[in-house]
Amino acid sequence: MKSLSEIKLAIIGLGYVGLPLAVEFGARRSVLGFDINQERIDALKAGHDQTLETERETLLAATRLEFTTDVEALRACNCFIVTVPTPIDTHKRPDLTPLIKASQTVGKVLKPGDLVIYESTVYPGCTEEDCVPILEKHSGLKFNRDFFVGYSPERINPGDKEHRVTTIRKVTSGSTPEIGDLVDALYNEIITAGTHKAPCIKVAEAAKVIENTQRDLNIALINELAIIFNKMEIDTEAVLLAAGSKWNFLPFRPGLVGGHCIGVDPYYLTHKAQSLGYHPEIILAGRRLNDGMGVYVVAQLVKAMTRRRVLVDGARILVMGLAFKENCPDLRNTRVVDIVAELRDYHCSVDVFDPWVEAEDARQEYGITPVAQPEEAAYDGIILAVAHRQFLEMGVEAIRRFGKPGHLLYDLKYIFPAHASDLRL
């Protein structure tokens, strides 16, 4: 493959990353969108995106974009962009299963001259050390002679209607200088914010994994400060607003750290570091602190209930929000589940309410069945765990009507002014 005009594009994986990418490319060239989930494909063909990232009108207008679960259909393509998830397992270790399976699928249809571009977040070296051998094995082709590879890490921000795939600058790279130029040119077809061409694939991989590691550590610092200020009976938000009056103070806020990136990516980097004999200290310390915030929040609520002589055992608690962030249905690695689990350890009865989340998705993923509507005057405690716009629009008085007389309201996300709630981070 020597030029953009020769590219016949396929997107492998049509989730939060793959679908917006397929739609943007599909507005300019013929694109085949591939996913192993037949229900997902059927829904997309009907114009419905359950992630709510792409509007029905946009999907139906993408007449040059086709959807399929048929691996054989991929043989007509010569450029494959892989956008599958890269989660962690229960032991906080990288789970490359989706990436390995996607590489096997692509390897079976790979032809001389083809190009495979990975967008999935990985540790430095993963593309060439883990994925390429799979492509070689299943294709019988030789890397950088018969086929080539690129890496351009995703920068999708679910629920964000301002920062979209085209308006966020994109890092690109290739397995040879010429392929690097081709990958960069391909993405420049759709990325209006421009691109940054990294000198090699490992640099691009490392750049992606440290973006969220940096954010994770910054949030960990603010979480630790919040714990200290709570002990001093100082309002954390007031402190942050005061400190933020200086031009170079970074505007991070305390809270739960979940999602498919910030709560996951650092473990990919530390896994690679440990395999090389280096044991990270600062990164893992930040991860431990952030992973413990759900337990801390519940401890604060339980102490406050005890001070008010509200019986904790058997208490009814309403948790408002289950998605990992506001104004999106994304449940991946949400740490709200830590709050629910800890409350249940105290023998509390917990109701979860989230207008963005599909009840069946929550049930399948976490064994949690959200309520369609909270009961009024029913709860001993209410935790505002996610800052959905619906909660803000409801107002604090309407939310407090869910509580019994003497209930406690914990505003975890600073949705309302300090005086409106009983507890804040």
* To do: Step through the table entries Lys325/Lys413; Lys45/Lys108; Lys161/Lys325, compare each Cα-Cα distance with 22 Å, and write down the pairs that go over it.
  => Lys45/Lys108
* **Computed log₁₀ I(q)/I(0) - Debye formula, equal Cα scatterers, no solvent, the stretch 11-99, q 0.16, 0.17, 0.19 Å⁻¹** => -0.62, -0.69, -0.84
* Calculate the spin-label point distance for Lys101 paired with His419, positioning each point 7 Å from the Cα along the beta-carbon direction, and give it in nanometres. => 5.5 nm
* Structure fact -> Among chymotrypsin sites (Phe, Trp or Tyr not before Pro) in the stretch 183-277, those in a DSSP loop whose Cβ has at most 14 other Cβ atoms within 10 Å are Trp247, Phe249
* Please give the FRET efficiency for Arg253 paired with Glu39, using the beta carbon to beta carbon distance and R0 = 41 Å, rounded to the nearest 0.05. => 0.65
* **Sites Ala76 and Asp181, calculated FRET efficiency, Cβ-Cβ separation with R0 25 Å, nearest 0.05** => 0.50
* **Per-residue ³J(HN,Hα) for the stretch 95-102, Karplus 6.51 cos²θ - 1.76 cosθ + 1.60, θ = phi - 60°, Hz, x for Gly and Pro** => 10, 8, 3, x, 5, 5, 5, 5
* Asked: Among the GluC sites (Glu not before Pro) within the stretch 223-303, which fall in a DSSP loop and have no more than 15 other Cβ atoms within 10 Å of their own Cβ?
  -> Glu233, Glu281
* **C-alpha center-to-center spacing [the stretch 282-343, the stretch 197-236] in angstrom** => 20 Å
* Asked: Hey, what do the phi angles of the stretch 187-204 turn into as Karplus ³J(HN,Hα) couplings, whole Hz, using 6.51/-1.76/1.60 and θ = phi - 60°, x for Gly and Pro?
  -> 5, 5, 5, 10, 8, 6, 7, x, 10, 10, 8, 6, x, 7, 5, 4, 5, 5
* Asked: Calculated FRET efficiency, Glu365 and Asp313, Cβ-Cβ r, R0 35 Å, to nearest 0.05?
  -> 0.80
* **Volume per residue that the Cα convex hull of the chain spans, once the total is divided by residue count, Å³** => 149 Å³
* Asked: So what are the ³J(HN,Hα) numbers for the stretch 68-79, from phi and the Karplus equation (6.51, -1.76, 1.60; θ = phi - 60°), rounded to whole Hz, Gly and Pro as x?
  -> 7, 10, 8, 4, 4, 5, 5, 4, 6, 9, 10, 9
* Asked: Under a point-charge model restricted to the Cβ atoms of Lys and Arg (+1) and Asp and Glu (-1), what is the dipole moment magnitude of the stretch 1-110 relative to its Cα centre, in debye to the nearest 20?
  -> 440 debye
* Asked: So for the stretch 69-135, Kirkwood radius off the Cα pairs, Stokes-Einstein at 10 °C and 1.306 mPa s: how many µm² s⁻¹?
  -> 126 µm²/s
* Counting DSSP beta bridges with both partners in the chain, what percentage is antiparallel, nearest 5? -> 5 percent
* To do: Treat each spin label as a single point 7 Å out from the Cα along the C-beta direction, and report the Val239 to Asp130 distance in nm.
  => 3.8 nm
* To do: Skip the ligands, DNA and RNA, and give the accessible area per residue of the stretch 182-320 with a 1.4 Å probe, whole Å².
  => 48 Å²
* Asked: Taking 0.36 nm per residue of separation and subtracting the Cα-Cα distance, what length does fully extending Arg344 through Ala377 add?
  -> 9.8 nm
* Asked: Looking at the square roots a ≥ b ≥ c of the eigenvalues of the Cα gyration tensor of the stretch 299-425, which shape do they give, rounded for a/c under 1.5, prolate if a/b is larger than b/c, or oblate?
  -> oblate
* Taking square-rooted eigenvalues a ≥ b ≥ c of the alpha carbon gyration tensor, is the stretch 168-319 rounded, prolate or oblate, where a/c under 1.5 means rounded and, failing that, a/b exceeding b/c means prolate? -> prolate
* Directionally averaged shadow of the stretch 1-155, computed from the convex hull of its alpha-carbon atoms, nm² -> 9.2 nm²
* Considering amide H positions built from the backbone, and no H for Pro or chain starts, which residues 5 or more places from Gly33, or on another chain, come under 5 Å of its amide H? -> Ile11, Glu66, Phe67, Thr68
* Taking the alpha-carbon set of the stretch 238-339, what are its Rg and Dmax in Å? -> 17.4, 53
* Asked: Ignoring ligands, DNA and RNA, what percent of the 1.4 Å accessible area of the chain is carbon and sulfur?
  -> 53 percent
* To do: Note down, for the stretch 355-425, the three equivalent ellipsoid semi-axes (square root of 5 times each alpha carbon gyration tensor eigenvalue), biggest first, whole angstrom.
  => 22, 14, 11
* To do: Note the full-extension length gain between Glu358 and His196 as 0.36 nm times their separation in residues minus their Cα-Cα distance, in nm to one decimal.
  => 54.6 nm
* Pull up all non-local amide H partners of Ser120: gap of 5 or more, or a different chain, and H-to-H distance under 5 Å with H placed in the peptide plane. => Val84
* **Compactness of the stretch 106-200 as Cα Rg over 2.2 N^0.38 Å, two decimals** => 1.14
* In the stretch 16-61, what chymotrypsin sites (Phe, Trp or Tyr not before Pro) fall in a loop by DSSP, with at most 16 other Cβ atoms inside 10 Å? -> none
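The values are calculated or read from the model by the stated rules, or taken from the named source; none is laboratory data. Only a predicted model underlies this, so the values are computations on that prediction, with no experimental measurement involved. Quick reminder, even Gly has a Cβ in these numbers, built from the backbone with ideal geometry, and neighbours come from all protein chains shown. Surface areas here come from the heavy atoms of the whole protein model, side chains and all, with no ligands, DNA or RNA. Shrake-Rupley method; radii C 1.70, N 1.55, O 1.52, S 1.80 Å.
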